[in-house]
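The values are calculated or read from the model by the stated rules, or taken from the named source; none is laboratory data. Keep in mind the model is a prediction, meaning the values are calculated, not measured. As a convention, Cβ positions derive from the backbone with ideal geometry for all residues, glycine included, and neighbour counts pool all protein chains shown. Side chains are part of the model used for accessible areas, which takes the heavy atoms of the whole protein and leaves out ligands, DNA and RNA. Shrake-Rupley method; radii C 1.70, N 1.55, O 1.52, S 1.80 Å.
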Amino acid sequence: MKVSLNLMIVVLATITFGCKENHFKKDVVMAGGKYVSAETLNYGKSVYTEYCMPCHGVNGDGNGVAAKGLAAPPRNFKLGLIKFGDVASGELTHDDAIARSLREGLKGTAMLPWDLKEKQTDAVIQYIKTFSPKTWFGKDKELGEKIVANNDPYGLARKTQAIEKGKKVYHGVANCQSCHRGYVNLQEFNQILVSVGEDKVNELDEDFYKIKMQDSDHGYATMPPDFTWHEVRSAQNVQDLYIRLAAGVGGTGMPAWKGTIEDDEIWAVAYYVKSLMEIKDTPSRKELMSRFK
Ligand code: HEC
Ligand code: HEC
């Protein structure tokens, strides 16, 4: 009697486990009219379970066993928010942008580059969407307009002008230092203010050189990076930066700049931010910082 009961438990467990392996029975139409088969979702689940679950969690809530103590928490997929998309933040991103974060990782975080096969990448992306069906399911859901970086008005030949202009846009019309830190002294700041037709100031705001933490929809405060000190997670070159600035960072205070400032201004700021990133860990950074004392 005892033996058969044990046997029954084993059989039941096998059946239950088997069912879990084939969790999805129905095909789904995702945002953007993407047809995804149950087979793809089941395959995506197996990829996720093997590689992603330790951080992103069984339920996709970002609370996996390896997530404790990570400075940037793993994304909670239940919220349906993607930070580093290729559409204006707030709109639904294309799979390409998610695939890029998988392929290249998010620099400076625990999210490393993954060397997955294309089929694995696609399946796991579709699977993580199932944690937020409200966001992603339904053929009526549209993806945002894809932002591409193919109209650089400067190019290498006019890099210096781009950086100069970017510095003005950053501290002037865009006021990036209202969240990020500033990188000019009082005299330079006043020159910038005058050039955009504003009044000079007698002193800089007391938090001008400080990072201002920002609330987010992700459930934690996010940090606008100091480009000469922190890693920029989703962008390494001017083109990447153009896309990040135009698109913003989903669910955070970092706005989509496309349509708010001119396109050539976004390019100029991208060159300027890149120039700040380049002095990270070099004597030039020390030199720049010494001018603000
Ligand atoms: C070692 C922990 C770890 C593992 C393993 C891991 N991630 Fe992440 N992942 C993170 C962290 C941390 C972030 C958040 C970084 C941030 O907010 O800047 C993240 C962010 C993401 C994002 C959000 C990108 C965005 O633009 O919002 C996606 C998508 C993602 N991970 C997918 C995956 C997939 C798929 C796997 C498995 C192939 C995986 N991750 C494995 C830690 C991990
Ligand atoms: C209202 C506040 C705010 C303003 C204004 C703002 N940012 Fe941000 N920015 C943020 C926050 C918050 C983050 C970090 C979001 C996150 O990744 O969690 C960020 C992130 C970034 C990133 C890094 C993205 C990455 O891949 O890690 C760049 C680059 C950036 N901002 C550039 C700019 C520039 C240039 C301007 C001005 C044109 C600007 N920001 C204006 C709040 C702001």
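Explain nothing, just compute: Karplus ³J(HN,Hα) = 6.51 cos²θ - 1.76 cosθ + 1.60, θ = phi - 60°, for every residue of the range 250-266 in order, whole Hz, x for Gly and Pro.
Per-residue couplings from phi come out as x, x, 10, x, 6, x, 7, 8, 4, x, 8, 10, 5, 4, 5, 6, 4 Hz.
If the chain between Ala72 and Lys119 were fully stretched, how many nm would it gain, using 0.36 nm times the residue separation less the Cα-Cα distance? If you can, show how the numbers build up before the last one.
Details: separation 47, 0.36 × 47 = 16.92 nm, distance 2.79 nm.
So the chain would gain 14.1 nm between Ala72 and Lys119.
If we count every other residue with Cβ under 13 angstrom of Lys286's Cβ, Lys/Arg +1 and Asp/Glu -1, where does the sum land?
Overall, the nearby charge balance is +2.
Take Lys286 and Gln239, extend 7 Å from each Cα along the Cα→Cβ direction, and tell me the distance between the two endpoints in nm.
Rounded to a tenth, the inter-label distance reads 3.6 nm.
Quick one: angle between helix 118-129 and the longest Cα principal axis of the chain, in degrees between 0 and 90, rounded to 10, please.
90
Just from the alpha-carbon atoms, what are the Rg and Dmax of the range 73-115 in angstroms?
10.5, 29
Calculate the spin-label point distance for Asp27 paired with Met213, positioning each point 7 Å from the Cα along the beta-carbon direction, and give it in nanometres.
Taking the simple label geometry, Met213 and Asp27 are separated by 4.8 nm.
Suppose only helical runs count, i.e. DSSP H with n ≥ 4. What mean residue ellipticity at 222 nm does that imply for the chain under -39500 (n - 2.57) per run, divided by all residues and rounded to the nearest 500 deg cm²/dmol? Write out the running numbers ahead of the final one.
Numbers: 11 runs with 121 residues, N = 293.
Helix-only estimate at 222 nm: -12500 deg cm²/dmol.
Against the longest principal axis of the chain, how steep is helix 186-195, in degrees 0 to 90 to the nearest 10, with axes from Cα atoms?
It is inclined by approximately 90 degrees.
Can you give me the angle between helix 2-21 and the longest principal axis of the chain, using Cα atoms only, in degrees from 0 to 90, rounded to the nearest 10?
With both axes taken from Cα atoms, the answer is about 40 degrees.
Going from most exposed to least, what order do Met289, Met30 have by accessible area with a 1.4 Å probe?
Descending order: Met289, Met30.
Cut-off 10 angstrom, C-alpha nodes, Gaussian network model of the chain. Which of Lys26, Lys78, Lys146 fluctuates the most?
Largest GNM mean-square fluctuation: Lys26.
Based on the alpha-carbon gyration tensor of the range 102-157 and its eigenvalue square roots a ≥ b ≥ c, which shape applies: rounded if a/c is under 1.5, prolate if not and a/b is larger than b/c, or oblate?
oblate
If r is the Cβ-Cβ distance from Lys134 to Asn175 and R0 is 35 Å, what FRET efficiency results, to the nearest 0.05?
In this case the efficiency is close to 0.50.
In a Debye calculation with equal point scatterers on the alpha-carbon sites of the range 41-105 and no solvent, what is log10 I(q)/I(0) at q = 0.21, 0.23, 0.25 Å⁻¹?
Each listed q maps to, in turn, -0.98, -1.13, -1.23.
Once you sort the root eigenvalues of the Cα gyration tensor of the chain as a ≥ b ≥ c, which label holds: rounded (a/c under 1.5), prolate (a/b larger than b/c) or oblate (the other case)?
In terms of gyration-tensor shape, prolate.
Evaluate the relative contact order of the chain (contact order divided by residue number), counting alpha-carbon pairs under 8 angstrom at least 6 apart; express in whole percent.
Dividing the mean separation by the residue count of the chain yields 19 percent.
Around Gly251, which amide H atoms from residues at least 5 apart in sequence, or from another chain, sit under 5 Å from its own amide H, with H modelled in the peptide plane?
Counting only residues 5 or more places away or on other chains, the set is Gly90.
At 1.4 Å probe size, with the rest of the protein present, what percent of the exposed accessible area of the chain is carbon and sulfur atoms? Mind dumping the intermediate values first?
Working: 9260 of 16750 Å².
The value for the chain is 55 percent carbon and sulfur by accessible area.
If you count only protein heavy atoms and use a 1.4 Å probe, how large is the accessible surface of Leu112, to the nearest 10 Å²?
It works out to around 100 Å².
When a/c reaches 1.5 or more, the comparison of a/b and b/c decides; with that in mind, is the range 200-293 rounded, prolate or oblate per its Cα gyration tensor? Walk me through the intermediate numbers first.
Numbers: a/c = 1.43, a/b = 1.23, b/c = 1.16.
It is rounded, given that a/c, with a ≥ b ≥ c, falls under 1.5.
Enumerate the amide H contacts of Ser216 below 5 Å, restricted to partners 5 or more residues apart or on another chain; note that Pro and chain-start residues carry no placed amide H.
For Ser216, whose amide H was placed from the backbone, the distant partners under 5 Å are Thr222.
Can you tell me, using C-alpha contacts under 8 Å and at least 6 residues apart, the relative contact order of the range 166-293 as a whole percent?
Relative contact order comes out at 27 percent.
Residues in the range 84-105, backbone N under 16 Å from the label point at Asp152 (7 Å along the Cα-to-beta-carbon vector): list them, ranges by number please.
none
How high is the FRET efficiency from Val196 to Tyr220, r the C-beta distance, R0 30 Å, rounded to 0.05?
On the way: r = 35 Å, r/R0 = 1.16.
Computed FRET efficiency for Val196 and Tyr220: 0.30.
Over 24 Å between Cα atoms: which of Lys210/Lys258; Lys26/Lys78; Lys146/Lys210 fall into that group?
The pairs that break the limit, which is 24 Å between Cα atoms, are Lys210/Lys258; Lys146/Lys210.
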